[in-house]
Amino acid sequence: MIEVHEGMDAVAWDEFVLAAPQASTYHLAAWLDIFRQTYGLRPFALVAHEAGAPVGVLPLCLVRAWPTRPHLTSLPGGVVAASPAAAAALLAAACALTRRLDAAYLVLRDSPDPLPWAGESAPGADGWHTVARHVTVRQSLQAGADALWQGFSHDLRNLVRRGQRAGFDLSWDADQLDAWYPAFAETAQRKGTPVLSRRFFRQARMHFPERFTLLVLRHNGELVGGGCQFLLGQTVWCTWGAIRPPFLRQHATYLMYWEIMAHFAGLGWAAVDFGRSAADSGHAAFKRRFGQQQPLYQHVWLHRQRTLPGLIAQARPRAA
């Protein structure tokens, strides 16, 4: 029998997550603390147990965004569970929590699964709505850097080579976070996306010193940009990257992507994930040059609110 409890044993939680191949970077226990400390979000940790052992986890936060009613959101990745039954139990518990808090709705963010467990027998199944407007791009690194390079198109290899000839200085050093952050903030503002705070990244580096890595690019001493990676399982998660506009024409972005792939392929990592983009956007098209596109789903369970949230219902691919 599967039972769902609220609250976590962080060690047991992380042991389950680290053994789950479908887990994302945000499933580790400390992320709930990071979002609480950085943004004041109220965390909820739902754990499914069977025979006394964890078989599924769902990290949630209560978001208060005046003037709208508070809502519950999962961290990116949604549910991670050992079976559809465990996932269904977690969803039922999350719906019950939504009712208890009288929240407007519950959203499972960036789930790789199309919610097959929300069938007729799942409590509240008739209230779920699924939107698939975002994708991620992944690439296997197991063949090694040489095979990856040979698998690129002739045009892509030429663009990377132009970046290599531009004379950029590259360094791997997480201690350069504060130097890199202005490029990230500038890029996020230019794209019109929310800017994660400097404190958020500092908290991530502090909580995960062995999982947080950073590649920084400079040109004649001037900051070009770079990207943060988060290491989980055998996957390198490239969620946050930025190249300042003056250096885009020098193909710094192509060089950054290739250096990340070659670096971690050489270290024996199995795969790289280049993070979420709006489907059919220029950003997704760029990433597809380096890997294979996979859909991400936003699953919404409506409670007090009767229409899909605006940012989910009205999301559209951004122009390149």
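The values are calculated or read from the model by the stated rules, or taken from the named source; none is laboratory data. Everything quoted here is computed from the prediction, not taken from an experiment. Every residue, glycine among them, receives a Cβ derived from its backbone with ideal geometry; neighbour counts consider all protein chains shown. These accessible areas exclude ligands, DNA and RNA; they are computed on the full protein's heavy atoms, side chains included. Shrake-Rupley method; radii C 1.70, N 1.55, O 1.52, S 1.80 Å.
General observations
- With all protein chains in place and a 1.4 Å probe, the accessible surface of the stretch 1-149 carries 54 percent carbon and sulfur.
- Relative contact order of the stretch 12-154, taken over Cα pairs closer than 8 Å and 6 or more residues apart, is 18 percent.
- Longest site-free stretch - the chain; sites: GluC sites (Glu not before Pro), DSSP loop, at most 16 other Cβ within 10 Å: 1-119
- What separates the Cα centres of the stretch 240-284 and the stretch 1-60 is a distance of 29 Å.
- Inter-probe distance in nm under a simple model that places probes 7 Å from Cα toward Cβ, at Gln22 and Ser197: 3.4
- Gyration tensor (alpha-carbon) shape descriptor, the stretch 53-203, a/c threshold 1.5: prolate
- Two-decimal log10 I(q)/I(0) for the stretch 216-289, as the Debye equation yields it once each C-alpha is a single scatterer, q = 0.12 Å⁻¹: -0.35
- Working from Cα pairs under 8 Å separated by at least six residues, relative contact order for the chain is 22 percent.
- Probe 1.4 Å, accessible area per residue of the chain, Å²: 47
- Calculated from backbone phi, Karplus (6.51, -1.76, 1.60) coupling profile of the stretch 270-280 in Hz, x at Gly/Pro: 8, 7, 10, 10, 8, x, 6, 9, 5, 4, 6
- Within a Gaussian network of the chain (alpha carbon springs, distance under 10 Å), most fluctuating of Ala262, Ala278, Ala19: Ala19
- According to the Cα-based calculation, Rg over Rh for the stretch 164-320 is 0.99, with Rh computed by the Kirkwood formula.
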